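Colleague: A single structure is presented below for examination.
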Amino acid sequence: MTITEPGLSVFETVESEVRSYCRAWPTVFERASGSWLYDERGRGYLDFFAGAGSLNYGHNHPTLKRALLDYIDNDGITHGLDMSTTAKRTFLETFQSTILSPRNLPYKVMFPGPTGTNAVEAALKLARKAKGREAVISFTNAFHGMSLGSLAVTGNAFKRAGAGIPLVHTTPMPFDNYLGGQVPDFLWFERLLEDQGSGLNQPAAVIVETIQGEGGINVARAEWLRQLAELCRRRDMLLIVDDIQMGCGRTGDFFSFEEAGITPDIVTVSKSISGYGLPMSLCLFKQELDIWEPGEHNGTFRGNNPAFVTATAALETFWQDGVLRERTLVQGGRVEGVLRGLCSKDGKLAKSYRGRGLVWGLEFENGERAAAVCRRAFEHGLLIETSGPDDEVVKLLPALTVSAAELDEGLDILTRSVHETA
Ligand code: PLP
């Protein structure tokens, strides 16, 4: 017998079968504030999912909301393709002075269509154009988006199968620790590059996530990233860091690669860049790579001006000093402590944990167990989702603005849910 929640039927009868999160969280949400979502019956849910990393500053942050409401009230431009607007100018100036200049990153800024996958498509196109080569290296368990170019550098078999055509001109290499430390880092990759008989065409670029979010919260060591950057330099390959999920402060620093001290050639940013959950994405690249012809990559919604307004407000509110970074690292330490406790009982409760900043993964023996934990957490009022090749990792992605009390409450629910489903 199927139990149909009252009020859900239109989602079942009209909306496509492709819907997913609404299946995991079977209620109808109405409003949200900070780290809380409320359904239409008024029940509050603590949000440790944060719009899959799009809500690093929580829902409807009052300062960002005020800036947006004022802008709309003044009849500010909403849709502007890539016309020059005051909102875009202020964003570019603020991004440069707050983020790029202090980090000595003289990147050009490109606005592709406002989704993450669009930034990845732009990055891949640009790398291939710049190098005049088609091959791109990706990593095992990578996720870069659902359009065809991004799928070609994505690992997950289920998502790749959806393409319906061969996904070509890309080669996967082992991500950090994929072989459990049995093989020296990059041994295979370097061998293929130097061997004229390997069958690997000289790549234009390598695309990497510093922490694989969808792939199971696999954290690349800073040393591994430095070796990769050095390999790219030696072998004339562009280094693309996809910072769509791990950027905008998720790991503490604004960019997740800062800890490793590397300077990628191309960086993709999306999700939390608007700060408010509004669609926006950036493709950043070194000045000498700005070889685009005007309009060579475009999109109707690439000038999402309300997103520029909230993005500027977010940079001004959170990135003028190091307070958010410090807070994120401290809060991350609290999460780590709880996960360590859950994994210490001979692996009976959970298998392992990993993470950095405020992104953490708790690995279970299989996807069924991880799903059961998420289901139980939902019943107790906590939103968490799974990731990893078999959905075996419970992913914790609270807003960076989460209070200590909210963090403790969510971690208590997680702990209870793990025990109750053991
Ligand atoms: N790249 C990474 C690392 C992501 O995590 C995602 C989405 O989860 C994407 C790209 C795709 O972004 P979007 O879903 O906005 O197309």
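Conditions (1) touching a strand residue (DSSP E or B) at 6+ places or on another chain (Cβ under 9 Å); (2) surrounded by fewer than 16 Cβ atoms within 10 Å (Cβ to Cβ), marked per residue:
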site: TRP25; (1), (2): yes, no
site: THR86; (1), (2): no, yes
site: THR90; (1), (2): no, no
site: GLU93; (1), (2): no, yes
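For (1) aromatic (Phe, Trp, Tyr); (2) touching a Leu at 6+ places or on another chain (Cβ under 8 Å), each residue gets a yes or a no:
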{"residue": "PHE158", "(1), (2)": "yes, no"}
{"residue": "ILE211", "(1), (2)": "no, no"}
{"residue": "ILE240", "(1), (2)": "no, yes"}
{"residue": "GLN245", "(1), (2)": "no, no"}
{"residue": "GLY252", "(1), (2)": "no, yes"}
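Colleague: Could you list, in sequence order, all residues of the stretch 28-54 that are under 19 Å from PHE318 (Cα atoms), within 16 Å of the ligand (Cβ to nearest atom) and open to solvent by 20 Å² or more (accessible area, probe 1.4 Å)?
Modeller: GLY51, SER54
Colleague: Could you figure out which of (1) in contact (Cβ under 8 Å) with a residue 60 or more places away in the chain; (2) open to solvent by 30 Å² or more (accessible area, probe 1.4 Å); (3) aliphatic (A, V, I, L, M) isn't true of LEU187?
Modeller: The single condition LEU187 does not satisfy is (1).
Colleague: Related question: Please name all residue pairs, on different chains or six or more residues apart, with Cβ atoms under 7 Å, provided the first residue is in the stretch 241-261 and is more than 18 Å from GLN227 (Cβ to Cβ) and open to solvent by less than 10 Å² (accessible area, probe 1.4 Å) and the second residue is among the aliphatic types (A, V, I, L, M) and away from the ligand (no atom under 12 Å from the Cβ).
Modeller: Every condition considered, the pairs that remain are GLY249/LEU324; GLY249/LEU400; ARG250/LEU358; GLY252/LEU329; PHE254/ILE99.
Colleague: Here is a further query. Mind checking whether some residue in the stretch 242-253 is modelled with pLDDT of 95 or more, within 12 Å of the ligand (Cβ to nearest atom) and over 28 Å from ARG66 (Cα atoms)?
Modeller: Checking the stretch 242-253: at least one residue is modelled with pLDDT of 95 or more, within 12 Å of the ligand (Cβ to nearest atom) and over 28 Å from ARG66 (Cα atoms).
Colleague: Here's a check for you: in the stretch 199-220, which residue that is within 20 Å of the chain's Cα centre (by Cα) and of a type in the set (S, T, N, Q) is nearest to the ligand (Cβ to nearest atom)?
Modeller: Top of the filtered list is GLN212.
Colleague: Another question about this same structure. Please work out if LEU124 is within 16 Å of the ligand (Cβ to nearest atom) and under 16 Å from the mean Cα position of the chain (by Cα).
Modeller: Spelling it out, it is not the case that LEU124 is within 16 Å of the ligand (Cβ to nearest atom) and under 16 Å from the mean Cα position of the chain (by Cα).
Colleague: Quick one: what pairs do we get from the stretch 32-43, first residue assigned to a loop (DSSP other than H, G, I, E, B), second among the acidic types (Asp, Glu) and surrounded by fewer than 17 Cβ atoms within 10 Å (Cβ to Cβ), C-beta under 9 Å, 6+ apart or different chains?
Modeller: What qualifies is GLU40/GLU30; ARG41/GLU30; GLY42/GLU30.
Colleague: Has the stretch 96-117 got any residue that is modelled with pLDDT of 95 or more, under 14 Å from SER270 (Cα atoms) and open to solvent by 60 Å² or more (accessible area, probe 1.4 Å)? Give the steps one after another, and end with the answer.
Modeller: If we filter the stretch 96-117 for residues that are modelled with pLDDT of 95 or more, which is where we start, we get 96-105, 107-117.
Still in the running and under 14 Å from SER270 (Cα atoms): 109-117.
Within this subset, residues satisfying the condition of being open to solvent by 60 Å² or more (accessible area, probe 1.4 Å) are 115.
Scanning the stretch 96-117, I find at least one residue that is modelled with pLDDT of 95 or more, under 14 Å from SER270 (Cα atoms) and open to solvent by 60 Å² or more (accessible area, probe 1.4 Å), so the answer is yes.
Colleague: Please find, among GLY181, GLY213, GLY261, the residue that is at pLDDT 95 or above and on the phi > 0 side of the Ramachandran plot.
Modeller: GLY261
Colleague: Next question. Tell me which residues, restricted to the stretch 314-323, are part of a helix (DSSP H, G or I), touching a residue at least 40 places away in the same chain (Cβ under 8 Å) and open to solvent by 10 Å² or more (accessible area, probe 1.4 Å). It would help to see each step written out before you state the result.
Modeller: First, the residues of the stretch 314-323 that are part of a helix (DSSP H, G or I): 314-318, 323.
Still in the running and touching a residue at least 40 places away in the same chain (Cβ under 8 Å): 314-318.
Passing the criteria: GLU316, THR317, PHE318.
Colleague: Based on this model, can you work out whether ALA157 counts as touching a helix residue (DSSP H, G or I) at 6+ places or on another chain (Cβ under 6 Å), open to solvent by 30 Å² or more (accessible area, probe 1.4 Å) and either at pLDDT 95 or above or at positive phi (or both)?
Modeller: No: the conditions fail for ALA157.
Colleague: How about the stretch 123-138: which of its residues are farther than 15 Å from LEU167 by Cβ and either of a type in the set (Gly, Ala, Ser) or buried (at least 24 other Cβ atoms within 10 Å of the Cβ) (or both)?
Modeller: Passing the criteria: ALA123, LEU126, ALA127, ALA130, GLY132.
Colleague: Still on this structure: Residue pairs, Cβ under 6 Å, 6 or more apart or interchain, first in the stretch 66-80 and farther than 15 Å from ALA314 by Cα, second among the small types (Gly, Ala, Ser) and open to solvent by less than 30 Å² (accessible area, probe 1.4 Å). List them.
Modeller: GLY80/GLY303
The values are calculated or read from the model by the stated rules, or taken from the named source; none is laboratory data. Every value quoted in this text rests on a predicted model; they were computed, and no experiment measured them. Methodologically, a virtual Cβ is constructed for each residue, glycine included, from the backbone with ideal geometry; neighbour enumeration extends over all protein chains shown. Ligands, DNA and RNA are stripped out before the accessible areas are found, and what is left, the full protein with its side chains, is counted by its heavy atoms. Shrake-Rupley method; radii C 1.70, N 1.55, O 1.52, S 1.80 Å.
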